[in-house]
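Throughout, read-outs are computed from the coordinates displayed, never taken from laboratory work. Quantities reported herein were computed from a predicted structural model and do not represent experimental measurements. Neighbour counts run over all protein chains shown; Cβ positions are idealised from the backbone, glycine included.
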Amino acid sequence: MHWTEPATAEDSHAELEKTLWDAANSLWANAALKPSEFSPIVLGLIFLRYAETRFAAVAEEIHPKPGSRRKIGPTDYHAKGVLYLPEEARFPHLLQLPEDSALGKAVNDAMRAVEKENPDLADVLPKTFQILENRTLAELLKVMASIPMDQEGDTFGLIYEYFLGKFAMSEGQKGGEFYTPTSIVRLIVDILEPYHGRIYDPACGSGGMFVQSARFVAEHHQNPTAEISVHGQERVTETSRLARLNLAVHGLSGDIRQGNTYYEDLHDSVGRFDFVLANPPFNVSKIDKERLADDPRYPLGLPRTDNGNYLWIQHFHSALSPQGRAGFVMANSAADARASEQDIREKLIRSGHVDVMVSISPNFFYTVTLPCTLWFLDKGKAGSPREDTVLFLDARHVFRQLDRSHRDFTSAQHEFLANVVRLYRGQDLEFHHGSEEKIRELFGDPSDNSPLTLQNSQFKDIPGLCKAATRAEIEAQGWSLNPGRYVGVAKGEELSDEDFKERFTALNEELEVLNGEAQELEQRIAENVVEILETA
């Protein structure tokens, strides 16, 4: 099935985001700084502007009455769920500082003052403003001060995410380590449906999985801070700070810890979490497996290949509670990997916990062009009518083309793909973003013009889009979890050049894995031969 859309401005924030970025970008061009140096400065000032907006709103609300002797202090603001900003950290004060003063030091001191009054932000805010020339920093302060004070918190969150994405594009692969495109994260969340419970991301980057989970809860008329708790781990210290800052911009708090997830399970994760969401680094080599020999996170066995994909997959699976669900991004090659990785995958499929597999087209990520696959696990489906099946969903031809090399999903496309999964699970459908027409076209009763429900809209296999495959069918395919093997091509459609390129790339990745395994076997055989000769 093909459903592509051109780029459009979907919301009223787009122009403001672009205006702010263009202004900040023009200053960056004159600053001679790397993206990794400039981005913390800009993101820190967006945060400060957001914090001041909320602070000012509460200040009006709790302003002492005339004649009152009681002084309003930080605890009064904290009780309202708002950060306290001392006067020297507010934009009116910073904007009136003369350009010939030590402006960078003043902003650094302002950030320290905010951290002092709000201990949850300890060692999170940037303090490198002195690397900008006074004139450039003064102009940047004016740019951020131009964000209207009457903007809602979600608008600030969108602005923050927009800048995160732009910096990720500028920073290349390094930026991609901490930023997963919002469109991908949102689809994972919409399919997982984390209404309440403990959420875990052991490769949390900038915290986007948590932000979108909170958005999902709020869209379903619940209070995120009351319904979910977020727990993350991130290897890079600066990125873990970015995650905490991102949570703060969205009015959230969470337990974010810094450490190498391969060797440190800082949240004692096994069996503890209701939801696991992640975009781990793909195809990582040189992991010291000897350190993992007795790790309870890998009960299905350690892969012999020099590749970390199936370490991550097992970690996500083992972290789930008995009814828990996981959704994560994975390299396409993992769905067809052979040898020891296939053995682990077979055990996972036989458990009945693999729920949904979704193919995503190339160009969704800012830093790599390759396609990817979204995996969804559900321990709660064991014993259900879905235990023996896996839903394969091919979304490679569903996207909005933003520019020549970047894609995302529209809100209607997000909703459509999530509704296909809801049909498969036998859940009520959601029609808030314009997906009803497409669902009706493919799954509805054309003779019935009444609103679509589970009674007049049932799941069925759609060639080129989706198929619920049985465990026997998956076994016949060598335990492959590649949606392309099951979904097929819609009637009247032909294999496109792009499809061929994707399949060729996947086969080439598989060949590289097999070559690596062959080399390992050759080395092992040679070592065994030497050992036999020495003992003979």
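Calculated FRET efficiency, residue 342 to residue 529, Cβ-Cβ distance, R0 = 35 Å: about 0.85 to the nearest 0.05.
Seen against the Cα atoms of the chain and their longest principal axis, helix 208-219 is set at about 80 degrees. Translational diffusion of segment 228-271, estimated by Stokes-Einstein from the Kirkwood radius over alpha carbon pairs at 25 °C in a medium of 0.890 mPa s, is 224 µm² per second. Bin width 10 Å, origin at 0, all Cα-Cα pairs of segment 355-440: what percent of pairs per bin? Going out from 0 Å in 10 Å bins, segment 355-440 shows 16, 41, 32, 10, 1 percent.
Please say if segment 140-295 is rounded, prolate or oblate, where rounded means a/c under 1.5 for a ≥ b ≥ c the square roots of the C-alpha gyration tensor eigenvalues, and otherwise the choice is prolate for a/b larger than b/c and oblate otherwise? Taking the square roots of the gyration eigenvalues as a ≥ b ≥ c, segment 140-295 is oblate. Computed over segment 32-178, the alpha-carbon pair-distance distribution with 5 angstrom bins reads 2, 9, 17, 20, 20, 15, 9, 4, 2, 1, 1, 0, each value a whole percent. Against the longest principal axis of the chain, how steep is helix 339-350, in degrees 0 to 90 to the nearest 10, with axes from Cα atoms? Roughly 80 degrees, rounded to the nearest 10.
Computed from the C-beta positions of residue 19 and residue 260 and an R0 of 30 Å, the FRET efficiency is 0.15 to the nearest 0.05.
Sparsely packed loop sites in segment 291-393 (the GluC sites (Glu not before Pro) outside DSSP H, G, I, E and B with at most 15 other Cβ atoms within 10 Å) comprise 387. Compute the long axis of helix 35-62 from its Cα atoms, compare it with the longest principal axis of the Cα atoms of the chain, and write down the angle in degrees, 0 to 90, nearest 10. That works out to roughly 60 degrees. Distance between the modelled labels on residue 427 and residue 36, one decimal in nanometres: 3.9 nm (7 Å Cα→Cβ projection). Shape class of segment 213-341 from the alpha-carbon gyration tensor: prolate, with a/c at 1.5 or above and a/b greater than b/c. Over the chain, with a single point scatterer placed on each C-alpha, what log10 of the ratio I(q)/I(0) does the Debye formula yield at q = 0.11, 0.12 1/Å? One equal scatterer on each Cα of the chain leads to -1.02, -1.18. Among the GluC sites (Glu not before Pro) in segment 21-129, those located in a DSSP loop and surrounded by at most 16 other Cβ atoms within 10 Å of their own Cβ are 99. Site pair residue 120 and residue 146 shows an inter-label distance of 3.2 nm when each label is modelled 7 Å from Cα along Cα→Cβ.
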